[in-house]
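First comes the structure, then the notes that go with it.
The values are calculated or read from the model by the stated rules, or taken from the named source; none is laboratory data. Keep in mind the model is a prediction, meaning the values are calculated, not measured. Cβ coordinates were reconstructed from backbone atoms using ideal geometry, including for glycine residues, and neighbour counts include every protein chain displayed. The area values use the complete protein model at the heavy-atom level, side chains included, leaving out ligands, DNA and RNA. Shrake-Rupley method; radii C 1.70, N 1.55, O 1.52, S 1.80 Å.
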Amino acid sequence: MARRTTARGVIAALAVLSATAGGITGAATASAGTALAAEKVFQSNRYAPRADRIRSAGPSGYLHAQEGRSGYLWTSYATGATTELGTLPSLEVPGYLGSSSDVVAQVVSPTGKVVLRDMTAGTSTDVILTHGTYQATFGTHVLTQARDADGNRTPWLYGAGAPAEGTPVEGWPTGITTDFTVLGGDSTTAVLNYAQPNGMQHLMLVDLATAKVTGDVTLNVVPTGVALSADRLVWWSGLWSAHVLDRTDLSAPATALQLPGTEGTPSVGIAGNWLVVARSVPASPHDWVDKSGERLMAVPLRGGDPVTLLRHANTSLVTAPDGGLLAVGGTDSGDWAVRRVADTGGAAPTSTELTEVPPVAARASTGCRSRTARWPPTRPTPASWAPTTPGRSPPTAHRAHPPGRTGTAVARARTQPGTAAR
């Protein structure tokens, strides 16, 4: 797809004015003793891309929040049409607003009621919670965490064929008196983590249709998160180490992988036979160019050399029901988009643009009287616009882009000294 740009490079030929105005123009010019000079002016876009955070992805669209727009949005893949959902109570927990379907979970009360909004059918279903506190929704399965009089924790499931009063998960161990954590899931399985009193960690796989524990993986470190595909489960701990398990045989030896990247906190997803990793931008990145986003990278699940999929990306990395991923990134703020990452059997996963994320217009620095930036500059560049190191992009949001990058060029006549302003 052709790279988008907002630069239009329109130049005014002011000499035409002189020819058509005849003696009037000549007299004015002669009396002022100056001439008008044409100058190209660029409306600059902010260097940092517009923030766009994806929360869930279904077969027909995705749920996200975008800088400059109020509340949450549901955007269709097919048409790009966006529905405003308003403010939704939310926690940074996998599946809190829904996962792996076109259903958005609206938490009316974490201990009383959740409304499941089907964005394709246009219907809403009330789920009354009778036990525990709301945790997440996968498909149309609602998960809570209950605590009995002795302090034992038990997961409960509601919706999608479960009894109206909910059902406890069968096979959950007794005597667990610390909260479990939701690490992830899909439309069929939820992955929970709990710790035994001796400190041993467990990954518990819960089949959502039967409300039964179907897998238990013992770990000696606290897992940070998980990623699921149809046949793989990947768990990672910390910033660099990941482990790939076979979902059909969790007891088989895991494949250890090094998470690609050089800095920042990882977000991890699976696209076919690839592990895809996005990373957050630290406060002081190694390369200031990465203030717009670290690289989106991928490594084969069986091990191998990493590849770069996008030069810059944010940390949104959400599994889609078709087995691919949704990511947000591009080459710069003028090329930012929600993209589908898929394994097509080639040397690397492909990245296909779904929806443009428009850039944000730059704001003038304090003391500047204009919100436009001239290119090339007619005066020394302000220090706040200058790169701190040769070859690196500026660390502020006030970068003036050169021709061919983001920015809108318009023509302006500048009055030379001695010419009367009109």
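Things worth noting here:
- Whole-angstrom gap from the stretch 139-177 to the stretch 302-328, using each part's C-alpha centre: 33
- In Å², nearest 10: area of Asp231 left accessible to a 1.4 Å probe: 70
- Heavy atoms of Trp172: accessible area, 1.4 Å probe, square angstrom to 10: 20
- Exposure of Ser284 as accessible area (Å², to 10), given a probe of 1.4 Å and all protein chains: 90
- Remark: the Thr177-Ser284 segment gains 34.5 nm on full extension, using 0.36 nm per residue and subtracting the alpha carbon distance.
- Within-13-Å neighbourhood charge of Leu157 [Cβ basis; K, R +1; D, E -1]: -2
- R0 of 22 Å, Cβ-Cβ distance Asn152-Val93: FRET efficiency to nearest 0.05: 0.55
- Segment Thr130..Val307, full-extension length gain: 58.9 nm, with 0.36 nm per residue of separation and the alpha-carbon distance subtracted.
- Within the shell of other residues whose beta carbon sits under 13 angstrom from the beta carbon of Gly329, the net charge comes to 0, with Lys and Arg scored +1 and Asp and Glu -1.
- Centroid-to-centroid, using Cα positions, the stretch 43-88 and the stretch 109-136 are 22 Å apart.
- Distant-in-sequence amide H partners of Val108 (H built 1.01 Å from N, under 5 Å): Lys113, Val114, Val115
- The amide H of Ala146, built 1.01 Å from its N in the peptide plane, has Thr133, Thr154, Trp156 as neighbours under 5 Å, considering only residues 5 or more places off or on other chains.
- Other residues lying with their Cβ under 13 Å from the Cβ of Thr167 contribute a combined charge of -2, Lys and Arg counting +1, Asp and Glu -1.
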